[in-house]
Structure formats: structure tokens, C-alpha cells
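Below is one structure; the comments refer to it alone.
Quick note: the coordinates plus some simple rules give every number you see, no bench work behind them. Quick caveat: nothing in here was measured; it's all calculated off a predicted structure. Glycine gets a Cβ as well: all are built from the backbone with ideal geometry, and neighbour counts include every protein chain shown.
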Amino acid sequence: MRILVVEDEPKVASFIRRALEEESYAVDVCADGQQGLDWAQSIDYDLIVLDLMLPGIPGLELLKQIRKAGVKTPVMILTARSEVDQRVKGLDAGADDYLTKPFAIEELLARARALLRRAGGVPSGILEVSDLVLNPVTREVTRGDQRIELTTKEYALLEYLMRNAGRVLTRPMITEHVWDLDFDTFTNVIDVYISYLRNKIDRGREQSLIQTVRGSGYVMRSDP
Ligand code: CA
């Protein structure tokens, strides 16, 4: 899952980035409203965390413009405790949730999970494909009765595949949702990570869940 953080206070922005990256999200941070608007419209983010007081374009205006352009990505706005009016305007302009500064990072992470859960249409949050189970809260992955240990990127890739089970995912789609702007598009890193995952998830098992779709990309499904 890839998240855009539009926040002009460097300390707050890097604090949020670190916490989200620890949870395996791909994160792009931007300190300017205009750039945030450009990115939000050109990249298919899974969530946007948006400060309202920004240089360039104010957060509220950014929000109005992306909604007008048809961007449906969930948006969590960040406001100061005193900005009740801004919060109300933000929700009315299409924000899905808000958090008042200062906030506990655990709350931001929990609210992010809730927004992603709602957007993904999985109310319990637990992802299951056949006997493979992923819990986004504990970040535990099991297949059958076996616990599977994954690196941060392997976990992020698996979560994206499982959230989109049954759907063919192209390499550009995978890049867009699992890697951030620093990603080097000229490498075969996706194929490398798919093979890491296969080793841990599918190897030695009767049923392979990660399937290659020749000429297109990959799909996770339980039927051949
Ligand atoms: Ca600000």
C-alpha cells in the first residue's frame, strides 16, 4: 500500500514517514501543496495524509481539486486542535477522517489501517487466500499452521497481492502500490521479490497461490 503524506513541517513529516515505513507502507512525502496536488492526481495512492496549512496550495483546496478530478483515494486530514472550522470544512470537502495535532502515532497508524480496510472492502481486515492468512494489525502471516517470516518489502508485496486476489496485477501496478518515488524502474526488482515470496509461500506445497500471467504480470488465486 502506498501513502502520500503532504506535510510541510519536516519533523512531523519524517516522524510520520518513519512510522508508516516501519509498517511496510511505501511512502512519498511532500511539503508543498502544489506538488502534493500533482502527485495525488498522477499516482494511484491508497491513502493520503494531508496537513491543511501548507505553502503553495492550502490542503483544503488540494482536497477539493482532487475530489473534483475524480480521485477517490481515502484522505485523512491533519489539523490543529483549535481549527474546528477547518476540520468541518475538510470533512465536507471529501476528507474521510481527521486527526488533531499533536497526535499519538499509534492513532494515526490505526486510523490508516481502518481507512485502508474500508476502501478494500474487507471489514475484518484479515486477508485470506486459501490457507494463506495475513493479519494487517499484528502483521502475522501464516500458511496452514506454519508461521511465515517476511521482510518489510516482501510483506508489502504480499499484502498488495492478497488485497487484489483474483485480479491480474501488472508490474507497473505493483510498482505504483508497493514502491515509492525512489524506485528504479529499470530493474527487475519486482520479479526478484516475487521469487522471494514464492520461496516462502508456495515452495514445496501442493497448491501455488502466486501465479504468473504470461505477458501481463502476476495474480494471486487459489484455483489453477
Ligand atoms: Ca502545516
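Of note:
- Label sites at residue 92 and residue 128, each approximated as a point 7 angstrom past Cα along Cα to Cβ, lie 4.4 nm apart.
- Note on region 45-172: the C-alpha convex hull projects to 9.8 nm² when averaged across all orientations.
- Full-extension gain in nm, residue 170 to residue 212, via 0.36 nm per residue minus C-alpha separation: 14.1 nm
- Fraction of alpha-carbon pairs over 17 Å apart in region 167-224 - percent: 40 percent
- Residue 114-residue 100 pseudo-label distance in nm [points 7 Å out on the Cα-to-Cβ vector]: 1.5 nm
- Separation of the residue 195 and residue 146 label points, Cα + 7 Å toward Cβ, nm: 2.0 nm
- Share, in percent, of DSSP beta bridges within the chain that are antiparallel, nearest 5: 45 percent
- Extension gain for residue 68-residue 182 works out to 38.2 nm (0.36 nm per residue, less the C-alpha to C-alpha distance).
- Cα-based values for the chain, radius of gyration first and Dmax second, are 18.2, 58 Å.
- Distance violations [Cα-Cα > 29 Å] among 64/153; 64/101; 68/101; 89/153: 64/153; 89/153
- Sequence-separation-based contact order of region 127-220, relative, with Cα cut under 8 Å and 6+ spacing, percent: 29 percent
- A cut-off of 5 Å between modelled amide H atoms, ignoring neighbours fewer than 5 places along the same chain, links residue 77 with 50, 96, 97, 98, 99.
- Measuring nothing but how far apart in sequence close Cα pairs (under 8 Å, 6+ apart) lie, relative to its length, the chain scores a relative contact order of 17 percent.
- Helix-only mean residue ellipticity at 222 nm for the chain, each DSSP H run of n ≥ 4 adding -39500 (n - 2.57), per residue, nearest 500: -12500 deg cm²/dmol
- Kyte-Doolittle mean at least -0.5 and Cα axial length at least 15 Å: DSSP H helices in the chain: 10-22, 105-120, 152-163, 189-201
- Stokes-Einstein diffusion for region 95-224 at 25 °C, viscosity 0.890 mPa s, with a Kirkwood radius from C-alpha pairs, works out to 154 µm²/s.
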